[in-house]
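Bear in mind that the values in this text are calculations on the coordinates, not laboratory data. Since the model is a prediction, treat every value here as computed from it, not as a measurement. No Cβ is skipped: glycine too gets one built from the backbone with ideal geometry, and neighbour counts run over all protein chains shown.
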Number of protein chains: 2
Amino acid sequence: MEFLTGVKEKKTLEISELHEKVKAGQQVKVNGAVHAVRDMGTVAFVILRKREGLLQCVYEKGTADFKLKDIREASTIEVEGVLTENDKAPGGIEILMKKLIILSLPEEEMLPLPVSKWKLTTSLEAKLNYRSISLRNIRERAKFRIQEGLTRAFRDFLYSQGFTEIHTPKIGAKGAEGGANIFKLEYFHRPAVLAQSPQFYKQMMVGVFDRVFETAPVFRAEKHNTKRHLNEYTSLDFEMGYISGFEDVMDMETGYLQYAMELLKKEYGKELEILNVILPNAERIPAVQFSEIKEKVCERYGHRMRNPFDLEPEEEQLISRYAKEEWGSDFVFVTHYPSKKRPFYAMDDPEDPRYTLSFDLLFGGMEITTGGQRIHNYKMLMDKISDRGMETDGMEQYLSTFKHGMPPHGGIGIGLERLTMKLIGEDNVRETTLFPRDLSRLEP
Amino acid sequence: MEFLTGVKEKKTLEISELHEKVKAGQQVKVNGAVHAVRDMGTVAFVILRKREGLLQCVYEKGTADFKLKDIREASTIEVEGVLTENDKAPGGIEILMKKLIILSLPEEEMLPLPVSKWKLTTSLEAKLNYRSISLRNIRERAKFRIQEGLTRAFRDFLYSQGFTEIHTPKIGAKGAEGGANIFKLEYFHRPAVLAQSPQFYKQMMVGVFDRVFETAPVFRAEKHNTKRHLNEYTSLDFEMGYISGFEDVMDMETGYLQYAMELLKKEYGKELEILNVILPNAERIPAVQFSEIKEKVCERYGHRMRNPFDLEPEEEQLISRYAKEEWGSDFVFVTHYPSKKRPFYAMDDPEDPRYTLSFDLLFGGMEITTGGQRIHNYKMLMDKISDRGMETDGMEQYLSTFKHGMPPHGGIGIGLERLTMKLIGEDNVRETTLFPRDLSRLEP
């Protein structure tokens, strides 16, 4: 019989604690995974991988009461030794080792990938096949720390703006966007689908909480095999009521980006440095109209417009280039997308119903957000559904919500992996996805 | 061409702003949904539902420049008027209305449920059928604010303890626990499953980040039709490396519960009051061994033990009753579950391998967490798999992680909806699930 009373102070120290709590010459205990062993003859360096970074431990024959060959790469160990200052060591400190406890040993000597190298130059394919190993590389790992910062900033900023977090179901009777891109499954002998987006649910919840958000997986059975598509990804979604126009939604997203850049600077500086990331400026983000900017970039860059109602990936790149040249901005909102390219719930522009009060946010040449104002009037919604010849099966509860009153509202969905990818300058979204799912990849 | 620069100050005020920024007699603008209209003859009360609560607006003929019948229940409106102090109004303030703007009108006069009543006494079935309406009730809505607090506390506490947040795939080739309770789907002509838990992934990521957590949906195709089972729920998962024993894991969970209770007290006091919740004490949580406590409760309460290797729901209740009587605790850890009742990755107790270094946390008579130490040694893991006659198909990457070194580690999974349910004293987990999925319910 015992009582648990909460987290105890640990005898082993983390890297930040070594800096804050310990002076040179003091005895300390640390643990970690053996990232690399570098035997220089008279002295050897044992590099420990810890959650806060790398820690150099020094092996000298007279000092340590164990043999260097007791330490094998990829084992996890606990070390007792003396903290020493050394400008050449990572972080300026190292541990002169005295005692060793082996916590665990690897079964195989050789790792499938050289993770202790600074840059893991292995192919993407190999990195993904050995995901739990490749991420042990310090640079690979740092990408997902930054991804954490982006998600954390999203929530913290929205909490501060009066949003409520919701958890909506991923198995349902019907997809939000319709179309063929839906994964189907059998649910106790009934047909069911995986959610393409939390769209219907977050709208319904605007009538309850005024402002809601969700950070959760979405599923798209798209047969695209490109560098920017995934079949499962994390969507940062919010939806807000009582808006005066869709500018309120863009302002909220701009506020998020500003908050996120500040949080990254403050709390993830180490990782930004590891990856050489220069944070983009989100202080003022230009907004340009779809048709207008299409014409402008075609003119400026001699691009031939093939379809006036859609943006090709190349046109997204040109628009971003234009925004960078004209306003020095890495971000640009493209507004008033054509109605026929948007889902039925998008609010048409009363001034020209061929277009919608919706937008995409482009970042460094790629769409990372789709958003806009939604229809909140029941009749208008039903008319649009019938104009499009759509079925309403499985949407009864969504539609009846509008029958019973809804405020003007709008929202967005951000693809977390794409945002991370553009922020750290990767060119394949799989590089910033922990365990990607695509046409050919279902494992690990 | 315009620039977005972030969130603008709004002209309409929230309830907290009315208290903090405005004095009695001042002119204000507010908006909200018309929750109820109470016509008293000479005067009428229009109750606005806002995200922070209810706000009373007063209609007097001479003062308002519109007609009372312009205001219909379930419409959303903007009101201009004078802030007045009134002890009888919710929060001690009310708005004497002058001007009205209708933001939206409902299509139907009558709501399907009487949501403006204090307690929504409708059947659970009706509440779930009209979920987007029933949650407009203040008490129903408050449950999910408390749920937000529990999730938020989980993340904030774990960030402070050096954990990294991860997003693991929900579609995969193989389930973590095995067994028949897996939803199957077709993934581009290949068989796939929905994740029963992030178990394999979070363990693999302990080798990368040392400490990880995820708050995400999990899927269980269980055919249980009980008050405590869902087929999709939100799991609060963490996994931590370099533990000295599974007590470290229980200490971390205890720390979370302590943090959560503090956060709820501090930030969700209004909702606790609305629901009359008395927060449990998590300062010290007793831990009792499975076999020992089973015998003790059978003896004390005259219960007949049917299966010495499993806990029946009734026995969970008796153990909680025992913990309350003996130690005054609403929580109790039950440790050393029988090995045959735990998945293959559970670490057996070296002192008696019929039992494991694992635990459940019971709260008010019900299991809300399963956790424990995991096997980190490759050989030990393979031996247990072969002893159980299991297949390793689809687990290659999981298993090979252990070949390449893993620290001693353990973790937990908490069922968010169950934790919420027990905290606020509900007796059906559907009451604290936004859109439940069960054997018969796939909509809304």
Next on the checklist: How shielded is B:201-210 by partner chains, expressed as the average number of their Cβ atoms within 10 Å of its Cβ atoms?
Outcome noted: 6
Checklist outcome for this item: The relative contact order of region A:15-104, taking Cα pairs under 8 Å that sit 6 or more residues apart, comes to a percentage of 31 percent
Next on the checklist: Taking the Cα centroid of region A:195-252 and of region A:425-440, what is the distance between the two, rounded to the nearest whole Å?
Outcome noted: 20 Å
Checklist entry - Can you sort A:164, A:335, A:84 by how many other beta carbons sit within 10 Å, fewest first? => result A:84, A:164, A:335
Item to check | Three-way shape call for region B:15-104 based on the alpha-carbon gyration tensor, with the a/c threshold at 1.5 | outcome: rounded
Checklist outcome for this item: Counted neighbours (other Cβ, 10 Å), sorted fewest up, put B:440, A:104 in the order B:440, A:104
Item to check | For peptides B:427-434, B:181-188, A:399-406, sequence by mean Cβ density within 10 Å, most packed first | outcome: A:399-406, B:427-434, B:181-188
Checklist entry - With respect to the symmetry axis carrying chain A onto chain B, which residue of chain A exhibits the smallest Cβ distance to that axis, and what is the value in whole Å? => result A:185, 2
Checklist outcome for this item: Taking the label point 7 Å from Cα along the Cα-Cβ vector, the copy-to-copy distances for residue B:283, listed from shortest in nm with one decimal, are 5.1
Checklist entry - Which whole-number percent is the relative contact order of chain B (Cα, under 8 Å, 6+ apart)? => result 13 percent
Next on the checklist: Taking residue B:119 in one copy and the same position in all the others, each labelled 7 Å out along Cα→Cβ, what are the pairwise distances from the first, in nm, shortest first?
Outcome noted: 6.8
Next on the checklist: Based on alpha-carbon centroids, what's the gap between region A:401-416 and region A:311-364 in Å, whole number please?
Outcome noted: 19 Å
Checklist entry - So what is the calculated 222 nm ellipticity per residue for chain B, using -39500 (n - 2.57) for each DSSP H run with n of 4 or more, over all residues, to the nearest 500 deg cm²/dmol? => result -9000 deg cm²/dmol
Checklist entry - Cα gyration tensor of region A:1-159, axes a ≥ b ≥ c as square roots of the eigenvalues: rounded (a/c below 1.5), prolate (a/b > b/c) or oblate? => result oblate
Checklist entry - By per-residue mean of other Cβ atoms within 10 Å, what is the highest-first order of A:121-132, A:361-372? => result A:361-372, A:121-132
Checklist entry - How big is Rg to Rh over chain B, alpha-carbon atoms, Rh as the Kirkwood inverse-mean-distance radius? => result 1.05
Checklist outcome for this item: Ranked on Cβ counts within 10 Å of their own Cβ, fewest leading, B:393, A:251, A:237 go B:393, A:251, A:237
Checklist entry - Taking the label point as lying 7 angstrom from Cα along the Cα-to-Cβ axis, what are the distances from residue A:396 to the corresponding position in the remaining copies, in ascending order and in nanometres? => result 4.7
Item to check | q = 0.06, 0.08, 0.10 Å⁻¹: log10 I(q)/I(0) that the Debye formula gives for the protein assembly as shown, counting C-alpha atoms only | outcome: -0.44, -0.78, -1.20
